[in-house]
1. Any residue in the range 99-111 that is of a type in the set (Gly, Ala, Ser), more than 18 Å from the chain's Cα centre (by Cα) and farther than 22 Å from Cys297 by Cα?
2. Please determine whether any residue of the range 25-36 is out of contact with any Lys or Arg (no Cβ under 8 Å at 6 or more places or on another chain) and of a type in the set (Val, Ile, Thr).
3. Considering each residue of the range 184-236, count those that are farther than 21 Å from Glu125 by Cα and either touching a Leu at 6+ places or on another chain (Cβ under 6 Å) or of a type in the set (Lys, Arg) (or both), and give that number.
4. Regarding Tyr144, is this residue in the same structural domain as Gly40 (by TED's automatic domain parsing) and in contact (Cβ under 8 Å) with a residue 40 or more places away in the chain?
5. Could you check, for the range 288-297, whether at least one of its residues is touching a strand residue (DSSP E or B) at 6+ places or on another chain (Cβ under 7 Å), at pLDDT 95 or above and buried (at least 18 other Cβ atoms within 10 Å of the Cβ)?
6. What about Gly17, is it surrounded by 24 or more Cβ atoms within 10 Å (Cβ to Cβ) and out of contact with any strand residue (DSSP E or B) (no Cβ under 9 Å at 6 or more places or on another chain)?
7. Look through the range 39-85, keep the residues that are among the polar types (S, T, N, Q), within 24 Å of Lys129 (Cα to Cα) and surrounded by 15 or more Cβ atoms within 10 Å (Cβ to Cβ), and return whichever of them is modelled with the highest pLDDT.
8. Just need a number here: residues in the range 134-152 that are at pLDDT below 95 and either of a type outside the set (Phe, Trp, Tyr) or in contact with a strand residue (DSSP E or B) (Cβ under 8 Å, 6 or more places away or on another chain) (or both).
Amino acid sequence: MNKEITKCLIIGSGPAGFTAAIYASRANLSPILIEGIQPGGQLTITTDIENFPGYPQGVSGVKMMDDFKEQALRFGTEIRQDIVTEAFLQEYPFRIITENKKEYIAETLIIATGASARWLGLESEEKFKGMGVSACATCDGFFYKNQVVGVVGGGDTACEEAMYLTNICKKVFMFVRRDELRASKVMQRRVKTNEKIEIIWNNKPIEILGDESGVTGVRLENTKTQEITQKEITGIFLAIGHHPNSDIFQCSIETDNNGYIITRHGTSKTNIDGVFAAGDVQDSMYRQAITAAASGCKAALDAERFLSNKHQ
C-alpha cells in the first residue's frame, strides 16, 4: 500500500474543506485534500447562489466550488480524487486509508465531509433537482418569489422552511404523511395560524411533475385511502432531514444522537486532540455555504496552533 505523510489532511471538498485548505496552505502546512464521493459537496446540486458575499450577480454552485478549488490550488494544496474508507484515530499520528489503497499518515486531520439531504427516492425527483426540487429553502427560496410551492415534512425543519417561504412565496403547501405534525408546539402553532400555509394531511408525494422549464406540480397519494391527487406548484422543498457523513469516524469521534460531530464550543476541536471538524458534518442548525467556509477557516487555524504547540 502506497504511504504518504502529511502535516494536514483534509477530508471533503465543499466550502469548509476548501477554505480549510486555503488557510492551511497559506500557513505552510502543505495540506492534502481528499475530494470524496461528491467533489464540491452539496453546492454542486444547488441552483444559483445569490447570498454569498463577493458574487453580486449570483453564481452557480459548480462555478463557486471551481473558484474555491482554484484558490486552494494556487496556494499549493494537493488535491486527490479519492474516497476515504477507513480512519484509525486512536493512535498518533493518524492513519487514513482510501478506496485507491492509499495510506495517509497525518499529524492533523480536518473532517469536512458535510451532510447529505434525505431525499424521497423518486426518479422524477432526481430529474428535477436544481429545477424546482431543493433541500434548502434558505438557499433557493428567493427564486420562487410570489409563486406557489410545497414543503415535504412534518418536523421542526419543515415548519421552519415553510415559515421562511411565506416571506417570499404567494402560497405554501405542506405535505405531511401523517395526521399530525412532529414539530414543537410553538412551531405547530405558527404554521397552523399562518394564512399562507395550507397543510395537506395524510399525503405523500409519489411523483414530481414538470417539463423543460422545471417543476409544474406534484402527484400525491393519500396514506390512508390511497387516493391520488395533484397540486400545481413550481417548487418543492424536501425537509425530511439530513444525514451527516460521519459514519466512518463514529467509532472514535464523539457525535450527537443524529451523528453530527461534537466540537468544543467556539472551536473546531473534537474529542481527539489534533482532529478537527468543519462544515455541515458538525452543524445541524445553519447548513449554509458561508458558515461552512467560516468553520473551515477555524479548523485550519486550530490545526496550525496545534502543530505549533506540539513542535515547540
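1. For the range 99-111, residues of a type in the set (Gly, Ala, Ser), more than 18 Å from the chain's Cα centre (by Cα) and farther than 22 Å from Cys297 by Cα: absent.
2. There is no residue in the range 25-36 that is out of contact with any Lys or Arg (no Cβ under 8 Å at 6 or more places or on another chain) and of a type in the set (Val, Ile, Thr).
3. Final tally of qualifying residues: 7.
4. no
5. Taking every residue of the range 288-297 in turn, none turns out to be touching a strand residue (DSSP E or B) at 6+ places or on another chain (Cβ under 7 Å), at pLDDT 95 or above and buried (at least 18 other Cβ atoms within 10 Å of the Cβ).
6. In short, no.
7. Restricting to residues being among the polar types (S, T, N, Q), within 24 Å of Lys129 (Cα to Cα) and surrounded by 15 or more Cβ atoms within 10 Å (Cβ to Cβ), the top hit is Ser60.
8. Summing the residues that are at pLDDT below 95 and either of a type outside the set (Phe, Trp, Tyr) or in contact with a strand residue (DSSP E or B) (Cβ under 8 Å, 6 or more places away or on another chain) (or both) in the range 134-152 gives 9.
The values are calculated or read from the model by the stated rules, or taken from the named source; none is laboratory data. Every value quoted in this text rests on a predicted model; they were computed, and no experiment measured them. All Cβ positions, glycine included, derive from the backbone under ideal geometry; neighbour counts span all protein chains shown.
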